[in-house]
Amino acid sequence: MGWIRKFTGRDGGLDWEGVERDDYQDPHIRGVSVRWLIGPAEGAANFAMRYFEIQPGGHTSLDSHAHDHGVLVLRGRGRVLLGEEVRKIGFGDAVYVSPYEIHQFTCVGDDPLGFLCVIPPRGRDTE
């Protein structure tokens, strides 16, 4: 059965009812938090949707995974490394990260970079 995760948007940020923010504690990641919006815990068997927020000057880790990613930028400005190419990204931009492609997201500017990221559910090549 379907359901709705209500958007709350507290204090000008992006938040959803019942969703906890998890701040990464990793020396290879700076200023990044994630909110798991939809995934296996909510009954989605075939995908997971997360919201990432990167603070100004922050970045994700330099990664490569067996799965692909679909990303939609909802706020801020940034750069994304895709393979050996760095591209500027901003509101409304859609980014495809192919399997095993080296990638990293970086926030530039004074506001956080926020984006949705869709991947296969955990346990299906998502680690």
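What follows draws every value from the coordinates through simple rules; no lab data is involved. Keep in mind that what you see is a predicted model, and the values were worked out from it rather than measured. When we count neighbours, we look across all protein chains shown, and the Cβ atoms used for this are built from the backbone with ideal geometry, even at glycine.
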query = Working out 0.36 nm times the residue gap between MET1 and ASP22, then minus their Cα-Cα distance, what length gain in nm do you get to one decimal?
reply = 4.9 nm
task = Sort the following peptides by mean Cβ neighbour count (other Cβ atoms within 10 Å, averaged over residues), highest first: 60-67, 19-26.
result = 60-67, 19-26
message = For q values of 0.24 Å⁻¹, compute log₁₀ I(q)/I(0) with the Debye formula on a Cα-only model of the range 22-119, without solvent.
response = -1.40
